[in-house]
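> One structure is given below, represented as structure tokens, and several questions about it will come after.
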Amino acid sequence: MLPGGAALPSLPPAAQQEIMARIQQAMPQRPGAPLASPGPAPTGPMAASPVAPAAPASPPEEPLSSLERFFATRLAGEPQPLRQFGYETFTAAPGAAPPGFGALSDDHLIGRDDELIVALRGRVRQTHTVRVGRDGMLLLPDLAPIIAAGRSIREVRADLDARARLEMGGTEAYLSFGALRQMGVLVAGEVVRPGVQSLTPLATVIDALAAAGGVRKTGSLRAVRVDGPRGSRVVDLYGILTGDAAAPDITLREGERVMVPALGAAIAIAGDVTRPGIYELPAGAASASLADALALAGGALRPIGNRMLVYQGDAQGRRVVAEVAPAGLLRRGDAMRVAPGLDVETSGLRLVGHVTAPITRSTGGATRLSALLSDPRLVRSDAYGPLGVIWRAERPARQRRFVAFPLGRVLAGQADLPLQEADEVVVLARADIAWLASPPVQRALRGEMGEGDNTCPALLQVAIAARSSPARFAHARGAGFPDLGAPACPAIFARYPDLLAYLLDQSVVLTGEARQPGLYPVPDDTGLDVVIAAAGGLSDAADLRSVEFAREPAETSGSIPLTRIVLDLRSRNFAAVRLSPRDALRMPRGFADRETGPVTLVGEFLRPGVYDIRRGERLSELIARAGGLTREAFPYGAVFTRESVRQRQQEGFARTARELEMGMVQVAAGQAVVGTRGGAVDVGSAVAAGRELANSLRETRAAGRMVVEANPVVLAGRPELDVLLEPGDLIAVPKRPNEVTVVGSVLNAGSLQFRSGWRASDYVRAAGGQQRFADGGRAFIVLPNGQSVPAGLGSWQQGGPPVPPGSLVVVPQDPSPYENWAFVRDLTQVLSQVSVSAAALAVITRGAR
């Protein structure tokens, strides 16, 4: 088959490849020139395929033309100025000739200087590339000249085939185009580069305009005139640009001229249309109907409900805004904006909040809550069931308010509520309800705003309301929890700032033995069973015989009395108790004989360990529960510590440190030097030393030790010494010691073997005696039970009482350099006692373990 599609005898594949190679060699290789197709074209001669150029970079935005500026003034407020329609289609790079493209039909006329490729196969194997001469003849060897110019491809192909068969028996001829001739077309008028443009016979009016650099925005696209041998015709390019079925004839013949006149009448169409822009009216027209104008812009985006606002000028040049009737006309220079008649949403409902996905429904399909929530899977599993709210705009003032409804009952099909247009049904999460008792909300209820709370408008509204009416949120104030990192503002309250105050007003306060006490918003006439279920139920220790119920009356005049009653709910008929917002319930804890914490026994017990205790249990009872003491136990040295005692001791240390610092300030203000024994001491150094003592005292951890009797035999005879136990107590009973420790200002401090009948003086003498600056008159003994007694080392004393094993003999240093500061001396003694007691406690406890 020939490239033009005529049926000729088939060739072997090798012959076909040779012909196509010769055709490719004969084709021009300039950029944009038509290339021969490697295979047969389906309709007509060989198609020319243009080389795809690289994608050009986006050109910079052109400045507005005078017409565009004119309409930009009339259509002030548009997001972007409107542009004249269609002109960017004809722009081309300077100097670039439009390439030939498309397939050559069988009716294409061959002209002078066209290059043809003729392949002869059969008895004669030849391939000739020939050009149609000036005389229009096609000259081939061994064949008579053939008239080609002015004839169609179909005619020349048939003539060539007939002659080859006649004059070269057994030879077949194949015809194809090589290079197309160039023809000159004059493009004049409102184009960028007017003049003669070199085009191929395949070029159209659009190619000619592109070769001339495109049409200026002062030129017309609807009255392009083509003059030539075929006469004169007017081409309306809008038929091509808008895809009109009745497209104009844009083909060009050699000798024709393209003239672009000045721009005709134009209108602008903006707003809700498919293709906003500035459009030229048909040639010679000064106005257009509304339907035709909308058709130019691709039609309105809405099929109905549009308002056509036209901006035009009056006789004095003033801009006038009018509304165009459906049968109205748009005149030259008019600008029209297509806008909605009423841009409001109607007949819509929304489901938002803690749902799987926010949805919008029509009131036609969901006029009741049950219809909107027909599928329970729309609501997430951890939604707050007792209450949901509807954000409703009341008619006719459109004031918004909240309407409560029981979400759980609606989902169960036990309750329903009619809906109105524009209702927003809000589903709350359990986390949103827990936030009502959070520290940010509690601060707002006190009229305060913490750091970061200002970003939440809901907290700001509650704080203002609490300041203006302190009694409004009295039921909710104080029902919060410690700060556990609550979010500053959940998303639902950021979207509906009024919702927080509404939920607080609708809340019931549940305290006491509930698993999750707090604030629970409910609709009016809600059963207590719903609130208890929302709180996770009651704890096992709740005393249902005396449930406190408090309520404020709904209607009051003057004062607001608070009604408080005690309910017996042992029947667990919680649904019978109907609640209203602002009610308060307290689930008390039943009295239990069991204490709230354990007591620890360590050391010489038969069964040491951690023991739960009952109220009023004494030490002797616990020792008996532990199996008593071992034979090696030393109850006289028992260590008994208690947390409440430790806290009081710690407070005493802090108080003493403050008194020390105040005394130092008074001494420094009263005198600069304190004389002692004929010398002088720098007060500044003494004050610094006192501060170090005060800091040391603050850092010292109190032991919390109590002096108790732990001998079961003694406790049996003297029950008044049997101490009552508290949770957290620790009792350590060590083994019987066999040493006495001597510390302080002695020559060789350490532990000595216990000697029966020895006194403190004997142990000090065995430790090498007192040092030079020791103060024996102030020496003391720390007994194993924690008591302290004088050691009796003074010159007028008799050596003190006998020292029991496990005791600690302390010989302090003489504080005479600071004898004028009695509080320093006393403090030194206190610190030494504290240090010794703590050290002794640690040693004894380790030994007991």
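The values are calculated or read from the model by the stated rules, or taken from the named source; none is laboratory data. Owing to the predicted nature of the structure, the values given are computational and were not obtained by experimental measurement. Heads up, the Cβs are rebuilt from the backbone with ideal geometry, glycines too, and the neighbour counts pull from every protein chain shown.
> Residue check: is PRO282 part of a loop (DSSP other than H, G, I, E, B) and in the same structural domain as LEU75 (by TED's automatic domain parsing)?
Values: part of a loop (DSSP other than H, G, I, E, B): yes; in the same structural domain as LEU75 (by TED's automatic domain parsing): no.
Taking the combined requirement at face value, the residue does not satisfy it.
> Considering only residues that are over 19 Å from ALA247 (Cβ atoms) and not hydrophobic (A, V, I, L, M, F, W, C), look in segment 204-223 and name the one that is surrounded by the most Cβ atoms within 10 Å (Cβ to Cβ).
At the first step, the residues of segment 204-223 found to be over 19 Å from ALA247 (Cβ atoms) are 211-214, 216-219.
Cutting the leftovers down to not hydrophobic (A, V, I, L, M, F, W, C) gives us 213-214, 216-219.
Numbers: GLY213: 20, GLY214: 19, ARG216: 17, LYS217: 18, THR218: 14, GLY219: 22.
The selected residue is GLY219.
> Moving on to the next point. Can you tell me which residues in segment 490-522 are assigned to a strand (DSSP E or B), among the hydrophobic types (A, V, I, L, M, F, W, C) and farther than 11 Å from ALA476 by Cβ? Reasoning before the result, please.
The first filter runs over segment 490-522 and keeps only residues assigned to a strand (DSSP E or B), leaving 507-512, 514, 518-521.
Then drop every residue that is not among the hydrophobic types (A, V, I, L, M, F, W, C), which leaves 508-510, 514, 519.
LEU510, ALA514 - these are the residues of segment 490-522 that are assigned to a strand (DSSP E or B), among the hydrophobic types (A, V, I, L, M, F, W, C) and farther than 11 Å from ALA476 by Cβ.
> With under 17 Å from LEU109 (Cα atoms) and aliphatic (A, V, I, L, M) as the only criterion, which of ALA188, ALA158 stands out? Full working, then the answer.
Details: ALA188 fails: under 17 Å from LEU109 (Cα atoms).
Matching residue, one of ALA188, ALA158: ALA158.
> In addition: What is the residue count in segment 282-319 for residues that are of a type outside the set (Asp, Glu), over 26 Å from LYS217 (Cβ atoms) and either surrounded by fewer than 16 Cβ atoms within 10 Å (Cβ to Cβ) or over 45 Å from the mean Cα position of the chain (by Cα) (or both)?
10
> Can you pull out the residues in segment 699-716 that are within 16 Å of GLN787 (Cβ to Cβ) and outside any loop (DSSP other than H, G, I, E, B)?
Once the filter is applied, which keeps residues that are within 16 Å of GLN787 (Cβ to Cβ) and outside any loop (DSSP other than H, G, I, E, B), segment 699-716 yields ARG705, MET706, VAL714.
> Still on this structure: List the helices (runs of 4 or more DSSP H) inside segment 377-453, counting only whole elements, that have at least 1 residues being more than 22 Å from ALA479 (Cβ to Cβ).
Because the criterion is at least 1 residues that are more than 22 Å from ALA479 (Cβ to Cβ), the helices (runs of 4 or more DSSP H) in segment 377-453 that meet it are 407-411.
> I need a count of the residues in segment 214-233 that are closer than 20 Å to GLY195 by Cα, touching a residue at least 40 places away in the same chain (Cβ under 8 Å) and touching a Pro at 6+ places or on another chain (Cβ under 8 Å).
Residues that pass the stated criteria total 3.
> Has segment 244-254 got at least one residue that is among the basic types (Lys, Arg) and assigned to a loop (DSSP other than H, G, I, E, B)?
The initial filter retains those residues of segment 244-254 that are among the basic types (Lys, Arg), namely 253.
The next check asks that each one be assigned to a loop (DSSP other than H, G, I, E, B); those that pass are 253.
For segment 244-254, residues among the basic types (Lys, Arg) and assigned to a loop (DSSP other than H, G, I, E, B): present.
> Go through (1) small (Gly, Ala, Ser); (2) surrounded by fewer than 19 Cβ atoms within 10 Å (Cβ to Cβ); (3) on the phi < 0 side of the Ramachandran plot one by one and return the number of the condition ALA164 breaks.
(2) is the only condition that ALA164 fails.
Residue by residue, here is whether (1) at pLDDT 90 or above; (2) surrounded by 15 or more Cβ atoms within 10 Å (Cβ to Cβ); (3) within 30 Å of ILE153 (Cα to Cα) holds:
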{"position": "LEU202", "(1), (2), (3)": "no, yes, yes"}
{"position": "ARG225", "(1), (2), (3)": "yes, yes, yes"}
{"position": "LEU263", "(1), (2), (3)": "yes, yes, no"}
{"position": "PRO276", "(1), (2), (3)": "yes, yes, no"}
{"position": "GLU280", "(1), (2), (3)": "yes, yes, no"}
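> Of all residues being more than 59 Å from the chain's Cα centre (by Cα) and either assigned to a loop (DSSP other than H, G, I, E, B) or not aromatic (Phe, Trp, Tyr) (or both) in segment 602-617, which is surrounded by the fewest Cβ atoms within 10 Å (Cβ to Cβ)? Just the residue, please. Outline the logic, then answer.
Step one: of segment 602-617, the residues more than 59 Å from the chain's Cα centre (by Cα) are 604-606.
From the residues that got through so far, the ones that are either assigned to a loop (DSSP other than H, G, I, E, B) or not aromatic (Phe, Trp, Tyr) (or both) too are 604, 606.
Details: GLU604: 22, LEU606: 12.
Only one residue fits best here, namely LEU606.
> Additional query: Mind checking which pairs have a first residue in segment 429-441 that is closer than 18 Å to GLN461 by Cα and a second that is in a loop (DSSP other than H, G, I, E, B) and among the acidic types (Asp, Glu), Cβ under 6 Å, 6 or more apart or different chains?
Listed pairs, sorted by first residue: PRO439/ASP483.
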